[in-house]
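Trainee: This is the structure, below, for whatever I ask next.
The values are calculated or read from the model by the stated rules, or taken from the named source; none is laboratory data. Predicted model, so just to flag it, every value in this text is computed and none were measured. Here the Cβ positions follow ideal geometry from the backbone for every residue, glycine too, while neighbour counts run over all protein chains shown.
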Amino acid sequence: MERTSGHEYPQGRRRLPRPLVLPTDKVAYWFFRLNGCMTIENFIVHPEFGGEGQRTDADILGVRLPFRSEGLRESPMVDHEFVISAVPMLFIAEVKLRECKLNGPWTDPEAENLPRVLRAAGLHRPDEVDVVAEALYTGHRYISSSSEVRLYAIGDEGDADLRRRRPGVFTLLWADIFGFIYERFAAYRGVKANHQQWDEVGHRLFDLAVTQPDREAFIRHGRAALRNDRDKGLER
C-alpha cells in the first residue's frame with residue numbers, strides 16, 4: 001500500500017477527499033508559505049484600552065526575508081516575483097473571493113490601524129512608524145534601503161478602481177496563485193511529498209496537484225473548490 005502526503009491509497013491509486021473545499025484564506029496562506037513567508041492568519045488589531053471591541057483584523061500578516069532560499073544551493077526554488085524583495089518585507093494581505101479590494105481600516109488614516117500593526121510587528125523603530133504609515137496611506141507601499149511594507153489584495157478579478165487609486169497595492173488573482181502552487185508541487189513533487197505535519201488544505205492542494213494532468217486543470221478545479229467564510233463559491 002502506497003502512502004503519500006499522509007493518506008493511504010489502495011493498489012497505488014490516488015483518490016482526492018470529497019467534496020473538495022478550499023477556504024480562500026487558507027489557499028492564500030499556502031501561497032505565501034510556499035514562497036518562504038512567515039505568516040499570522042487573522043491578525044487582530046486590538047484597541048489600546050480594555051472594554052472596546054477589536055478595531056479590525058488582517059486576513060494575513062507576514063514577513064519575508066531577503067535571503068530566503070529553499071532547495072539545492074546551486075539551483076534554489078524560484079519564488080513568485082510578487083513576493084521577492086531585496087530587504088526584509090512586512091505585508092498585510094486582504095483576501096476576497098471575487099474582486100480584489102482593501103478594507104476601509106487599511107485606507108483611512110483617521111482609524112490609525114496601520115500604525116498599530118506596524119508597532120505590533122516591530123520591524124521599524126518607534127520614531128519611524130508614523131513615516132511608514134503615512135507612505136502606506138498615501139502611496140500604499142513603503143520601501144527604503146533597509147525595509148519594505150506592502151499591501152496585497154487577493155481575489156478572482158482585478159478592480160480597475162483599486163489599481164487607479166492605489167497603484168502601490170499588489171493585486172494577486174486566484175488563477176495566478178493556483179498556477180504558482182501547481183508549478184511548485186509539480187516541479188518539486190519528490191521534495192514536498194513527505195508532509196505529514198501539513199494541515200488539511202495543504203494535503204488537499206498537494207493531492208490535487210499530483211492528480212491533475214496540467215496547470216490549467218489544477219487552476220480550474222481549485223477555483224471551483226474555493227469557499228469564503230460565508231461558504232460562498234465562485235460558481236454560486
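Trainee: Going by what's in this entry, would Val83 be described as surrounded by fewer than 16 Cβ atoms within 10 Å (Cβ to Cβ) and either under 20 Å from Phe43 (Cβ atoms) or over 16 Å from the mean Cα position of the chain (by Cα) (or both)?
Mentor: Values: surrounded by fewer than 16 Cβ atoms within 10 Å (Cβ to Cβ): no; either under 20 Å from Phe43 (Cβ atoms) or over 16 Å from the mean Cα position of the chain (by Cα) (or both): yes.
In short, no.
Trainee: Which is modelled with pLDDT of 95 or more, crowded, with 16+ Cβ neighbours inside 10 Å and of a type in the set (A, V, I, L, M), of Leu102, Leu61?
Mentor: Of Leu102, Leu61, the one residue that is modelled with pLDDT of 95 or more, crowded, with 16+ Cβ neighbours inside 10 Å and of a type in the set (A, V, I, L, M) is Leu61.
Trainee: State all residues of the stretch 142-162 that are out of contact with any helix residue (DSSP H, G or I) (no Cβ under 7 Å at 6 or more places or on another chain) and either more than 21 Å from Lys232 (Cβ to Cβ) or of a type in the set (Phe, Trp, Tyr) (or both); if no residue qualifies, say none.
Mentor: Residues satisfying the conditions are Ile143, Ser144, Ser145, Ser146, Ser147, Glu148, Arg150, Tyr152, Ala160, Asp161.
Trainee: Continuing with the same structure: How many residues are in a strand (DSSP E or B) and free of Cβ contacts under 8 Å to residues at least 40 places away in the same chain when one looks only at the stretch 139-158? If you could, list the steps in order and put the result at the bottom.
Mentor: Step one: of the stretch 139-158, the residues in a strand (DSSP E or B) are 141-143, 148-155, 157.
Next, only the ones that are free of Cβ contacts under 8 Å to residues at least 40 places away in the same chain stay: 141-142.
Result for the stretch 139-158: 2.
Trainee: What's the total number of residues in the stretch 109-145 that are closer than 18 Å to Ile44 by Cα and under 23 Å from the mean Cα position of the chain (by Cα)?
Mentor: 12
Trainee: Further question on the same structure: Could you run through the stretch 155-170 and say how many residues are closer than 30 Å to Arg125 by Cβ and crowded, with 17+ Cβ neighbours inside 10 Å?
Mentor: 2
Trainee: Testing Ala186 on (1) crowded, with 17+ Cβ neighbours inside 10 Å; (2) out of contact with any His (no Cβ under 6 Å at 6 or more places or on another chain); (3) within 24 Å of Thr39 (Cα to Cα); (4) among the hydrophobic types (A, V, I, L, M, F, W, C), one condition comes back false. Which one is that?
Mentor: (1)
Trainee: Please go through (1) part of a strand (DSSP E or B); (2) under 19 Å from Arg166 (Cβ atoms) for Phe43 and return the number of the only condition it doesn't satisfy.
Mentor: Only one criterion is unmet by Phe43, namely (2).
Trainee: I'd like to verify a number: residues in the stretch 200-236 that are part of a helix (DSSP H, G or I) and in contact with a Phe, Trp or Tyr (Cβ under 8 Å, 6 or more places away or on another chain), how many?
Mentor: Quick first cut of the stretch 200-236, residues part of a helix (DSSP H, G or I) only: 200-211, 215-225.
With in contact with a Phe, Trp or Tyr (Cβ under 8 Å, 6 or more places away or on another chain) added as a condition, the list becomes 201-202, 205-206, 208-210, 215, 218-219, 222-223.
Residues meeting the conditions: 12.
Trainee: Considering only residues that are part of a loop (DSSP other than H, G, I, E, B), over 25 Å from Ala160 (Cβ atoms), of a type outside the set (Gly, Ala, Ser) and without any contact (Cβ under 8 Å) to a residue 40 or more places away in the chain, which ones fall in the stretch 55-109?
Mentor: Within the stretch 55-109, Leu65, Pro66, Phe67, Arg68, Glu70, Leu72, Arg73, Glu74, Val78, Ile84 meet the criteria.
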